[in-house]
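The next block holds one structure in the form of structure tokens; read it before the comments.
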Amino acid sequence: MSGGSFSPHVRLDTCGLFCPVPIIKTSQALRNLESGSVLEVKSDDPAIEFDMPAWCRSTGNTIESWNLDEGVFTFFVRKK
């Protein structure tokens, strides 16, 4: 999935961290944002490709866009 450009309200770099830490940090960062805000999450953990969509489905948050560039995933997650 990839798509439009989004201006994130907050950026979170979890590169070098592995499952489940990127999802835990994403959850913590979103707690501090208002509904509708967008969080940019960067991760080089290959598991994030499956973990982030599963986590968003279970929490009701939305992946607006994502991409993979040179081994780094970038997700734009909109808080429900």
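The values are calculated or read from the model by the stated rules, or taken from the named source; none is laboratory data. Predicted model only: the values in this text are computed from it and were never measured. Neighbour counts are summed over all protein chains in view; Cβ atoms, including those assigned to glycine, are modelled from backbone coordinates with ideal geometry. Just so you know, the surface numbers come from the protein's heavy atoms only, side chains and all, with ligands and any DNA or RNA stripped out. Shrake-Rupley method; radii C 1.70, N 1.55, O 1.52, S 1.80 Å.
Restricted to the stretch 22-40, and to residues that are farther than 14 Å from R11 by Cβ and hydroxyl-bearing (S, T, Y), which residue is most open to solvent (accessible area, probe 1.4 Å)?
S35
Okay, residues lined up against (1) in contact with a helix residue (DSSP H, G or I) (Cβ under 8 Å, 6 or more places away or on another chain); (2) modelled with pLDDT under 95:
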| residue | (1), (2) |
| --- | --- |
| S5 | no, yes |
| P22 | yes, no |
| K42 | no, no |
| P46 | no, no |
| G60 | no, no |
| D69 | no, no |
| F73 | yes, no |
| F76 | no, no |
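In the stretch 56-71, what count of residues is obtained for those that are among the aliphatic types (A, V, I, L, M) and open to solvent by less than 40 Å² (accessible area, probe 1.4 Å)?
Total meeting the criteria: 1.
Inside the stretch 7-18, can you point out the residues that are modelled with pLDDT under 95 and either open to solvent by 30 Å² or more (accessible area, probe 1.4 Å) or of a type in the set (A, V, I, L, M) (or both)?
Answer for the stretch 7-18, where residues must be modelled with pLDDT under 95 and either open to solvent by 30 Å² or more (accessible area, probe 1.4 Å) or of a type in the set (A, V, I, L, M) (or both): S7, H9.
With the requirement that a residue be of a type outside the set (S, T, Y), closer than 19 Å to H9 by Cα and surrounded by 19 or more Cβ atoms within 10 Å (Cβ to Cβ), what does the stretch 41-55 give you?
Correct list: V41, M52.
Return the pair list, or none, for Cβ contacts closer than 6 Å from residues in the stretch 9-21 that are under 16 Å from G71 (Cα atoms) to residues that are assigned to a loop (DSSP other than H, G, I, E, B) and open to solvent by 50 Å² or more (accessible area, probe 1.4 Å), at least 6 apart or on different chains.
C15/D44
With the requirement that a residue be of a type outside the set (S, T, Y) and under 10 Å from the mean Cα position of the chain (by Cα), what does the stretch 9-28 give you?
R11, L12, D13, P22, I23, K25
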